[in-house]
């Protein structure tokens, strides 16, 4: 299965997010904040079809939250994590096609604010959304299944939008 293939937006994405959020609220600390980000959070955007979720917790709850995610079948990906964000994936289905990406960070951190700011720009601005669709489609063709190439190509655009 090609991971880096552009797919059209599907109306089921918000429901899939809500289902995952309900589960996460049961396993994470009470104060955890959970938001839908990424392409599946923006109607008509399209992308890889992955449900991206950012979770904000208190700084002293990061380690506990990470352990709870791992205990509940979210796979920690050290190579995709950063100093201010831990990254997890979860795969579903018989063929493990549908995926969820978890971005665990401290609530109101820089990465938290940037993720929501970018999402809001996409929701409010059709021109930016259309540009981003082109960027994502090109990134899928360009990357040849290399995630670093894919992210690098998109990140230039994201940084430009956030700096405006």
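What fraction of the DSSP beta bridges in the chain is antiparallel, stated in percent and rounded to the nearest 5?
70
Which value, in Å³ per residue, describes the convex hull spanned by the Cα atoms of segment 13-158? Mind showing how you got there, number by number?
Details: hull volume 16.9 nm³, N = 146.
With only Cα atoms used, segment 13-158 gives 116 Å³ per residue.
Would you work out the relative contact order for segment 13-158, in percent, from Cα pairs under 8 angstrom that are 6 or more residues apart?
Values: 209 pairs, mean separation 29.4, N = 146.
Across segment 13-158, relative contact order equals 20 percent.
Once you've got the GNM for the chain with C-alpha springs shorter than 10 Å, pick whichever of 126, 12, 113 has the biggest mean-square fluctuation.
It is 12.
For segment 104-147, just say rounded, prolate or oblate: build the C-alpha gyration tensor, square-root its eigenvalues into a ≥ b ≥ c, call rounded for a/c under 1.5, and beyond that prolate if a/b exceeds b/c, oblate if not. Before the final figure, lay out each step's value.
Numbers: a/c = 5.06, a/b = 1.37, b/c = 3.69.
Here segment 104-147 falls in the oblate category.
Rounded, prolate or oblate: which fits segment 69-149 when a ≥ b ≥ c are the square roots of the eigenvalues of the alpha-carbon gyration tensor, with rounded for a/c under 1.5 and prolate only if a/b beats b/c? Could the numbers behind the result be given before it?
Working: a/c = 1.86, a/b = 1.22, b/c = 1.52.
Since a/c reaches 1.5 but b/c is at least a/b, the shape of segment 69-149 is classed as oblate.
Only bridges whose two residues both fall in segment 49-116 count here: according to DSSP, what percent of them are antiparallel, nearest 5? Before the final figure, lay out each step's value.
On the way: 10 of 17 bridges.
Bridges in segment 49-116 are about 60 percent antiparallel.
Please arrange 121, 101, 138 by counting, for each residue, the other beta carbons lying within 10 Å of its beta carbon, fewest first. List each step's numbers first, then the result.
Values: 121 17, 101 20, 138 14.
Listing 121, 101, 138 from fewest to most nearby Cβ atoms yields 138, 121, 101.
Coordinate-derived values only; no laboratory data. What you see is a predicted model; the values in this text were computed from it and never measured. All Cβ positions, glycine included, derive from the backbone under ideal geometry; neighbour counts span all protein chains shown.
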